[in-house]
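Each remark here refers to the structure printed beneath this line.
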Amino acid sequence: MEYFLQQLINGLSLGAIYGLIAIGYTMVYGIIGMINFAHGEIYMIGSFVALITFLALGALGITWVPLALVVMLAASMLFTSVYGWTVERIAYRPLRNSPRLAPLISAIGMSIFLQNYMQILQGARSKPLQPILPGNLTILDGAVSVSYVRLATIVLTLALMIGFTILINKTSLGRAQRACEQDKKMAGLLGVNVDRIISLTFVMGAALAAVAGMMVLLIYGVIDFYIGFLAGVKSFTAAVLGGVGSLPGAMLGGVVIGLIESFWSGYVGSEWKDVATFTLLVLVLIFRPTGLLGRPEIEKV
Amino acid sequence: MTMPSHAAGAPPHGAPHVAAKAVDWSGSLRDAGFAAFVALLLTVPLVGLRTIDRPTGLGIEARPEEVVASVLLVFFGRLGLGLIGQGLALPVLFLALAAAAVGLAIPLPTQVLRLVLVAGGGIIALRAAFAVTTHRSKLTLAERDRKMDRVAAQVQHATKYIAPVAFIGAVLLPMTPLADRQLLDIGILLLTYIMLGWGLNIVVGLAGLLDLGYVAFYAVGAYSYALLAHYFGLSFWVCLPLAGLLAAFSGVLLGFPVLRLRGDYFAIVTLGFGEIVRIILVNWYQFTGGPNGISGIPRPSFFGLAEFSRTPAEGMAAFHELFGLEFSPLHRIVFMYYLILALALAVNLFTLRIRKLPLGRAWEALREDEIASASLGINRTNMKLAAFAIAAMFGGFAGSFFATRQGFISPESFTFIESAIILAIVVLGGMGSQAGVVVATLLVIGLPEAFRELADYRMLAFGMGMVVIMLWRPRGLLAHRDPTILLHGGKKPATGGAAR
């Protein structure tokens with residue numbers, strides 16, 4: 001039972017990370033109908049920015065952990081958003097009305113570019129970091145211990161989700177975003193600046209991915225330039241699992257994948273956890289092609 | 001550094017029809033300033049601060065001069081492009097050339113600044129020179145597309161003559177004195193990718209299915225041969241068809257459940273399948289050798305008649321003795337070269353012929369409009385399954401060739417990036433265009449191979465190149481398709497409907 005709870009908490013924190021990345025995929029897919037293949041790389045950049053910020057703060061002599069964490073979070077979200085914005089501006093916006101495959105190839109190119117860019121700039125070796133937020137919270141008389149980092153990840157993700165849901169459902173920005181998702185042309189006619197909304201969608205997705213990147217850095221304490229690919233693929237799987245275009249779906253998909261991975265590693269063995277994830281994806285797509293929370297698509301002739 | 005002050009005093013000079021407009025200085029400067037600000041934000045954390053490995057742990061060092069250089073480059077680049085757009089091409093050309101000359105001639109405090117001046121000045125000068133000579137500030141996308149369509153149509157027309165020449169050239173290549181080991185190796189590599197590109201073209205170009213996991217079939221083919229040879233001692237010539245069959249079978253196995261999915265879902269499932277195959281190869285180490293791969297894969301014999309070694313095994317003739325030649329290690333390479341050439345040409349011939357058969361026509365119809373073809377009684381699933389299986393079979397052939405050529409395979413060779421490269425070849429060349437695959441392979445594989453010294457920057461340029469080609473020509477370089485079949489006297493429909 002204790003082991004089960006332990007895995008449950010590990011899975012939830014991992015799922016929170018996948019969910020945060022998946023939101024970026026699902027929003028972009030919802031609004032311009034493309035797989036933003038470079039999104040995994042954006043998450044990797046967020047992770048690196050957080051690492052570099054921490055090291056820079058250390059070099060400046062700021063070692064008070066709460067302040068360092070807040071600055072890391074802010075810096076990572078800010079700079080990563082700029083990367084998200086720039087990628088959209090350079091590689092996707094000129095291809096807005098192109099054949100469907102063109103933006104996908106452009107995105108794959110961007111992803112390869114960003115990986116190698118990071119490899120050249122920061123080196124190919126993996127970057128280890130000593131735990132910034134050590135310590136465990138023990139519950140159930142010490143049978144289950146939850147590290148503060150994992151707890152913080154779950155809490156922060158919940159807070160971000162609440163804030164984000166309010167942003168999308170209550171503000172004029174969110175209204176414009178949803179309008180563009182339904183019908184870009186009509187939204188444009190009604191005075192919504194569609195290009196700006198699309199840019200903002202990328203910025204929001206990148207900011208959330210940056211949070212995920214920072215949390216991965218804190219939990220695992222080691223990153224390299226290649227982490228974006230697998231996390232990207234799994235998060236996209238999460239987005240598809242939850243139903244592409246649905247924000248709660250992305251989060252749910254992320255949590256489901258995180259739990260599967262965690263329990264599979266805990267009870268079966270960690271070698272085959274990726275196979276389990278992808279098999280699940282195939283099964284869901286076959287039996288429920290719109291995902292868990294997706295709306296059924298109507299085929300227009 | 002001299003650009004803005006000089007340019008400010010320069011009179012508007014340029015093509016007559018744009019010179020009439022007043023130059024919007026504040027707008028251009030604001031635009032350039034914004035671009036420079038974005039560049040600043042992009043470069044401060046990642047370019048300006050580098051992590052370095054110290055014995056005590058990770059350290060960090062600052063590189064402010066590279067940040068300043070990139071910001072300046074972006075600022076003046078953006079300003080220059082903006083001014084070219086407003087008809088100031090000639091002064092910008094002079095200033096850019098001057099900047100490049102300054103960078104070349106005068107010793108500067110840092111190398112970075114010099115690079116910025118020379119490279120930035122050179123690129124802007126080229127752009128400006130283009131604008132001056134054509135009297136156009138910019139071709140619109142539609143104009144460029146039409147122009148490229150014409151070029152592509154001409155190329156396609158010329159292919160009738162170029163193809164035989166290229167074929168004869170390829171056949172004669174090993175006989176020329178130029179052919180050393182290195183050139184033949186590159187030739188084999190290029191032909192392998194051309195074959196894979198042609199194979200994938202059946203799925204992507206003809207049937208219109210986006211397959212992101214083609215490398216899985218390549219891996220199945222390679223491992224089929226390696227394992228059959230390892231455990232049963234079967235020869236290459238027995239395994240080649242078996243590898244193709246096994247790959248086709250795995251194509252059907254994957255295709256059957258997922259072919260009902262549409263578009264991007266299909267793409268992501270194929271990607272997942274590719275990863276599953278790779279993970280199985282890594283983890284099932286008792287059988288596949290795991291991450292260490294399989295080594296000592298036997299080389300092919302000369303159609304089972306002779307071997308390409310100085311001292312052949314018991315009961316086998318040696319190739320050089322059989323033909324009365326001097327022994328040369330090059331014989332095997334030349335044989336490999338002809339083998340992959342024949343395999344690639346077989347794929348090409350198959351594709352060219354099947355387009356005219358009902359199956360090929362059904363694929364193209366499905367690609368153009370799935371619902372309409374289904375209404376006309378085409379069995380969607382079976383047709384797609386056929387495309388998938390056939391392409392997988394060719395991938396399997398290429399894979400077993402790869403295994404026998406390398407003599408060693410490991411899961412490392414079958415990562416997603418390989419799938420991406422093969423797909424890039426098909427899409428960059430122009431989907432459905434057989435000649436496009438060849439051109440794109442020369443670009444994507446040949447160019448990086450030629451610049452092997454620049455190891456680190458190769459993949460960087462590769463990624464950027466994919467983006468740039470897509471921006472420049474979204475439908476692929478040689479995307480021009482006449483319909484394979486026309487009714488007599490029928491009008492040609494607009495091209496490129498496929499790529500929607």
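Condition test on residue B:261, is it of a type outside the set (Val, Ile, Thr) and at the interface with another protein chain (Cβ under 9 Å from one of its Cβ atoms)? So residue B:261 fits the description; yes.
When you scan the range B:459-478, do you find a residue that is at pLDDT below 65 and either away from every other protein chain (no Cβ under 13 Å) or in contact with a strand residue (DSSP E or B) (Cβ under 7 Å, 6 or more places away or on another chain) (or both), even just one?
Residues of the range B:459-478 that are at pLDDT below 65, as a first pass: none.
The answer is no; no qualifying residue exists.
Condition check for residue A:90 on (1) surrounded by fewer than 23 Cβ atoms within 10 Å (Cβ to Cβ); (2) facing chain B (nearest Cβ under 7 Å); (3) part of a helix (DSSP H, G or I): one failure, at (2). Scanning the range B:407-440 for residues that are more than 13 Å from every other protein chain (Cβ to nearest Cβ), farther than 30 Å from residue B:296 by Cβ and surrounded by 24 or more Cβ atoms within 10 Å (Cβ to Cβ) turns up B:433, B:436, B:437, B:438.
Any chance the range A:54-72 includes a residue that's in contact with a Gly (Cβ under 6 Å, 6 or more places away or on another chain) and outside any loop (DSSP other than H, G, I, E, B)? No: the range A:54-72 contains no residue that is in contact with a Gly (Cβ under 6 Å, 6 or more places away or on another chain) and outside any loop (DSSP other than H, G, I, E, B). Total residues in the range A:100-123 satisfying the condition of being under 14 Å from residue B:424 (Cα atoms), among the aliphatic types (A, V, I, L, M) and within 19 Å of the chain's Cα centre (by Cα): the figure is 5. One residue stands out among those in the range A:119-130 that are in a loop (DSSP other than H, G, I, E, B) and on the phi < 0 side of the Ramachandran plot: the one that is surrounded by the fewest Cβ atoms within 10 Å (Cβ to Cβ), which is A:130.
Of the residues contained in the range B:94-101, none is found to be modelled with pLDDT under 80, surrounded by fewer than 13 Cβ atoms within 10 Å (Cβ to Cβ) and assigned to a helix (DSSP H, G or I). Of the residues making up the range B:25-76, not one is part of a loop (DSSP other than H, G, I, E, B), more than 21 Å from residue A:41 (Cα to Cα) and of a type in the set (A, V, I, L, M).
The number of residues in the range A:139-180 that are over 20 Å from residue A:19 (Cα atoms) and out of contact with any strand residue (DSSP E or B) (no Cβ under 8 Å at 6 or more places or on another chain) comes to 12. The set of residues in the range A:259-272 that are without any contact (Cβ under 8 Å) to a residue 40 or more places away in the chain and either charged (D, E, K, R) or crowded, with 19+ Cβ neighbours inside 10 Å (or both) comprises A:264, A:271. Exactly one residue out of A:203, A:275, A:256, A:192 is surrounded by 17 or more Cβ atoms within 10 Å (Cβ to Cβ) and at the interface with chain B (Cβ under 10 Å from one of its Cβ atoms): that is A:275. Of all residues in the range B:273-306, those satisfying the criterion of being more than 13 Å from chain A (Cβ to nearest Cβ), assigned to a loop (DSSP other than H, G, I, E, B) and among the hydrophobic types (A, V, I, L, M, F, W, C) are B:297, B:303, B:305.
Here residue A:133 fulfils each of the conditions (1) free of Cβ contacts under 8 Å to residues at least 40 places away in the same chain; (2) among the hydrophobic types (A, V, I, L, M, F, W, C); (3) surrounded by 14 or more Cβ atoms within 10 Å (Cβ to Cβ); (4) within 27 Å of residue A:6 (Cα to Cα) apart from (1).
Matching residues to (1) more than 23 Å from residue A:131 (Cα to Cα); (2) crowded, with 24+ Cβ neighbours inside 10 Å:
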{"residue": "A:16", "(1), (2)": "no, yes"}
{"residue": "A:20", "(1), (2)": "no, yes"}
{"residue": "A:33", "(1), (2)": "yes, no"}
{"residue": "A:38", "(1), (2)": "yes, yes"}
{"residue": "A:47", "(1), (2)": "no, yes"}
{"residue": "A:52", "(1), (2)": "no, yes"}
{"residue": "A:55", "(1), (2)": "no, no"}
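Of the residues that make up the range A:28-51, is at least one in a helix (DSSP H, G or I) and farther than 21 Å from residue A:110 by Cα? Yes, some residue in the range A:28-51 is in a helix (DSSP H, G or I) and farther than 21 Å from residue A:110 by Cα. Considering B:377, B:324, which residue is modelled with pLDDT under 90, in a loop (DSSP other than H, G, I, E, B) and not assigned by TED's automatic domain parsing to the domain that holds residue B:193? Within the list B:377, B:324, the selection yields B:324.
The set of residues in the range A:94-118 that are assigned to a helix (DSSP H, G or I), more than 7 Å from every other protein chain (Cβ to nearest Cβ) and at pLDDT below 90 comprises A:103, A:104.
The values are calculated or read from the model by the stated rules, or taken from the named source; none is laboratory data. None of the values given here were measured: they were computed from a predicted structure. With ideal geometry, Cβ positions are generated from the backbone for all residues, glycine too; neighbour counts draw on all protein chains shown.
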